[in-house]
1. List pairs: first in the range 1-24 and at negative phi and surrounded by 15 or more Cβ atoms within 10 Å (Cβ to Cβ), second outside any helix (DSSP H, G or I) and modelled with pLDDT under 90, Cβ under 7 Å, 6+ apart or cross-chain?
2. If I filter the range 134-146 for residues that are at pLDDT 95 or above, in contact with a strand residue (DSSP E or B) (Cβ under 6 Å, 6 or more places away or on another chain), assigned to a strand (DSSP E or B) and surrounded by 15 or more Cβ atoms within 10 Å (Cβ to Cβ), do I get at least one hit?
3. From the list 142, 137, exactly one residue is more than 22 Å from residue 23 (Cα to Cα) and touching a helix residue (DSSP H, G or I) at 6+ places or on another chain (Cβ under 8 Å). Which is it?
4. State whether one or more residues within the range 89-109 are part of a strand (DSSP E or B) and touching a helix residue (DSSP H, G or I) at 6+ places or on another chain (Cβ under 7 Å).
5. What tally of residues in the range 73-84 results from selecting those that are out of contact with any helix residue (DSSP H, G or I) (no Cβ under 7 Å at 6 or more places or on another chain) and modelled with pLDDT under 95?
6. State the number of residues belonging to the range 113-132 that are farther than 17 Å from residue 83 by Cβ and surrounded by 18 or more Cβ atoms within 10 Å (Cβ to Cβ).
7. If you check residue 59 against the conditions, is it more than 17 Å from residue 155 (Cβ to Cβ) and modelled with pLDDT under 90?
8. Examine the range 35-46 for a residue that is out of contact with any helix residue (DSSP H, G or I) (no Cβ under 7 Å at 6 or more places or on another chain), modelled with pLDDT of 95 or more, more than 23 Å from residue 120 (Cα to Cα) and surrounded by fewer than 12 Cβ atoms within 10 Å (Cβ to Cβ), and state whether such a residue exists.
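The values are calculated or read from the model by the stated rules, or taken from the named source; none is laboratory data. All figures in this text were calculated on a predicted structure; none of them were measured in a lab. Neighbour counts run over all protein chains shown; Cβ positions are idealised from the backbone, glycine included.
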């Protein structure tokens with residue numbers, strides 16, 4: 001199991017932007033989305049015990065966010081990538097299982113991927129993610145590229161506000 005020092009704050013910029021977006025959606029009555037806390041056990045604290053400096057992850061977390069949009073359950077994970085290729089090893093089996101189970105309950109599961117090298121954000125629906133996942137599991141490429149993603153799911157961004165509800169609506173219409 002990894003430790004806090006070994007994983008650092010990967011994804012913290014994207015997560016902060018999503019937290020701002022989710023708060024705005026809540027204020028507007030559009031959605032109620034919560035960040036799922038990662039269960040950790042502190043090992044080392046700073047001198048005044050106000051900051052954890054080393055911890056280990058107690059168990060695998062499911063996904064980053066869970067909630068409801070106009071009564072429809074959703075869950076999603078936030079992923080950052082500094083290249084045009086996203087390695088599937090950064091998406092874990094237990095996350096795929098959780099998203100599959102959410103879809104079976106008539107919910108919506110997806111990933112928001114930020115390709116930081118070009119500053120583009122994508123909504124990747126679970127069904128598209130499964131295509132990439134299965135390809136990797138059956139001997140094909142174990143990553144997906146930005147070029148493989150539909151431009152329909154390019155997310156509009158305004159400052160720190162990520163307009164992903166538009167993509168959820170497109171996803172719902174295509175079902």
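1. Correct list of pairs: 4/40; 4/52; 4/54; 4/55; 17/160.
2. Yes, there is a match, as at least one residue in the range 134-146 is at pLDDT 95 or above, in contact with a strand residue (DSSP E or B) (Cβ under 6 Å, 6 or more places away or on another chain), assigned to a strand (DSSP E or B) and surrounded by 15 or more Cβ atoms within 10 Å (Cβ to Cβ).
3. 142
4. yes
5. Residues meeting the conditions: 3.
6. Matching residues across the range 113-132 total 5.
7. The answer is yes for residue 59.
8. No, the range 35-46 contains no residue that is out of contact with any helix residue (DSSP H, G or I) (no Cβ under 7 Å at 6 or more places or on another chain), modelled with pLDDT of 95 or more, more than 23 Å from residue 120 (Cα to Cα) and surrounded by fewer than 12 Cβ atoms within 10 Å (Cβ to Cβ).
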